[in-house]
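The values are calculated or read from the model by the stated rules, or taken from the named source; none is laboratory data. Bear in mind the structure is a predicted one, so any value in this text is a computation, not a measurement. Note that each Cβ is placed from the backbone with ideal geometry, even for glycine, and that neighbours are counted across all protein chains shown. Protein only, heavy atoms only, side chains kept; ligands, DNA and RNA dropped before computing areas. Shrake-Rupley method; radii C 1.70, N 1.55, O 1.52, S 1.80 Å.
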Amino acid sequence: MGGVASTLHDSLGVQMRRFSRSTFVVSLVFLIITATLLAACGSDPTATPLPTLAPTPTQSTSTPGTTNPTPTATVAAPMATATPSTPHYQGKTIRLIVGWGAGSNSDIQARYVAKNLPKFIPGNPRFVASPVPTRSSYFAQLNEMFDGPGDGLVMAYGVGGVTPEQLTFKDEVKFKADEFQRVFSFDLIPSVLYAHKDSPYTSFDAMMGGSEEFTVAQAAEGDARWTQMQFLKETLNLPARILTGFDISTPGAFLTMDRHDADAVTAGFWYRLATDRPGWLTNGDVVPLVIMSDYSVAISPNAEGPLPAGIKNVRDFLSPDELREFNALQAGEGALQRTAIMSRNTPDDVRDLISDAIVTAFDDPEFRTGLEKLLGRELSVVDGPTLDALAESVDVEFLDSVYRKYSPTYESPF
């Protein structure tokens, strides 16, 4: 209203010089009424121009390096005053979908992250963990999240969301693994094939070419782990009968060995053996046969000691061509096996808020020590951009050819 007040003041001066006292009173009344109308309805666009609003950054009316030609007629726009930007996650809640049920490694790790990571994230968001107990229900959650909003408010953590699932569960899986925004991974799972003490074999060398059948527990015919075992059965002449319908999470693998429902199981429970089943390793209740995980996954001693001396990696028995095929079958393992992922619509800068936070957290002695104590081993973190590159490097067509070769139930989507 500064322009309106100035106009009224100038008009009042003119009236005082030109008219008598009575005329001045009439004019004053007229001006008061006019001012009242202006305040209520706005000024006449012809008689009294409104002030010009300052241009927004995308609507600049001046050339860089020049001054505004009418500075006295400009009122500062609301955003002209610089204020600190609000962190994206301030006051927000992140829903953390946990792949596998309560008590699983994924659940234990996710709950630690949910409790301790927020203070490292700008805005200090709250996490709410939602365990998903079955593979099919986890797929359904990942399908929904895949095309969901890119606000970073839904994140999954657990085993899954990998390329082999696109090929082997095509009726259930609607996501494309290499298009997820991957956030972090810190758990390189030490996958080992274990035998029950009462199984026909307690040595992998004896298994190869053996005459007595042994059983191996798997989740479903044709999935990644089933096909890996079928591959080894054919290439290394293992007398294996593959059983399906098993829970292959850590609690499920323990239960399988507890009850001797199968002679052998591939599991990642090495570091939990000493705490969850003390004495199993030292008493020989279960026997590690061969390392299944990649050479890059270092397996340190657990609380009861190291792996048996001389235990080999299964890759040591494979030819170069066979090795390429087996590595393809493990495309969803290693750093990609248990990861945090977000919708493919999530911008890099939103994903990086969490990815950078976990890297920062690993530099914090309290956070890292607490997590390593919980898991019983040293850990190393892998950030989101590195995981994205790993996922994108998977040769889907070659993997498809390997499935067609070794899985009789496999139906290629190509």
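A few remarks follow.
- Matching residues in the range 306-328 - criterion: being in a loop (DSSP other than H, G, I, E, B) and either within 21 Å of L273 (Cα to Cα) or touching a residue at least 24 places away in the same chain (Cβ under 8 Å) (or both): P306, L307, P308, A309, G310, I311, K312, L318
- Subset of the range 369-385 [within 19 Å of the chain's Cα centre (by Cα) and open to solvent by 40 Å² or more (accessible area, probe 1.4 Å)]: S380, V381, D383, P385
- First in the range 150-164 and charged (D, E, K, R), second anywhere and in a loop (DSSP other than H, G, I, E, B), Cβ under 8 Å, 6 or more apart: D151/T346
- Scanning the range 258-282 for residues that are open to solvent by 70 Å² or more (accessible area, probe 1.4 Å) and modelled with pLDDT of 95 or more yields a count of 3.
- Selection of the range 283-308 for residues being hydrophobic (A, V, I, L, M, F, W, C), modelled with pLDDT of 90 or more and out of contact with any helix residue (DSSP H, G or I) (no Cβ under 8 Å at 6 or more places or on another chain) yields only V287.
- Just one of the listed residues (T215, T250, T227) is within 26 Å of the chain's Cα centre (by Cα), open to solvent by less than 30 Å² (accessible area, probe 1.4 Å) and of a type outside the set (D, E), and it is T250.
- Residue among E378, E366 that is of a type outside the set (K, R) and assigned to a helix (DSSP H, G or I): E366
- Selected residue (only one of D198, D171 is open to solvent by 10 Å² or more (accessible area, probe 1.4 Å), within 30 Å of G279 (Cα to Cα) and in a loop (DSSP other than H, G, I, E, B)): D198
- Close Cβ contacts (under 7 Å, 6 or more residues apart or on different chains) running from residues in the range 177-204 that are touching a residue at least 12 places away in the same chain (Cβ under 8 Å) to residues that are open to solvent by less than 10 Å² (accessible area, probe 1.4 Å) and of a type in the set (F, W, Y) comprise F180/F146; P190/W270; V192/W270; S199/F214; P200/F214; Y201/F214.
- Tabulated pairs, the range 259-285, first part of a helix (DSSP H, G or I), second of a type in the set (S, T, Y), C-beta under 7 angstrom, 6+ apart or interchain: R272/T250
- Residues that are in a loop (DSSP other than H, G, I, E, B), open to solvent by 10 Å² or more (accessible area, probe 1.4 Å), closer than 17 Å to F175 by Cα and in contact with a Phe, Trp or Tyr (Cβ under 7 Å, 6 or more places away or on another chain) do not occur anywhere in the range 386-402.
- In the range 308-333, the residues that are more than 24 Å from the chain's Cα centre (by Cα), closer than 29 Å to G158 by Cβ and open to solvent by 30 Å² or more (accessible area, probe 1.4 Å): I311, L323, R324
- Check on S296, over 19 Å from N327 (Cα atoms), polar (S, T, N, Q) and open to solvent by 40 Å² or more (accessible area, probe 1.4 Å): no
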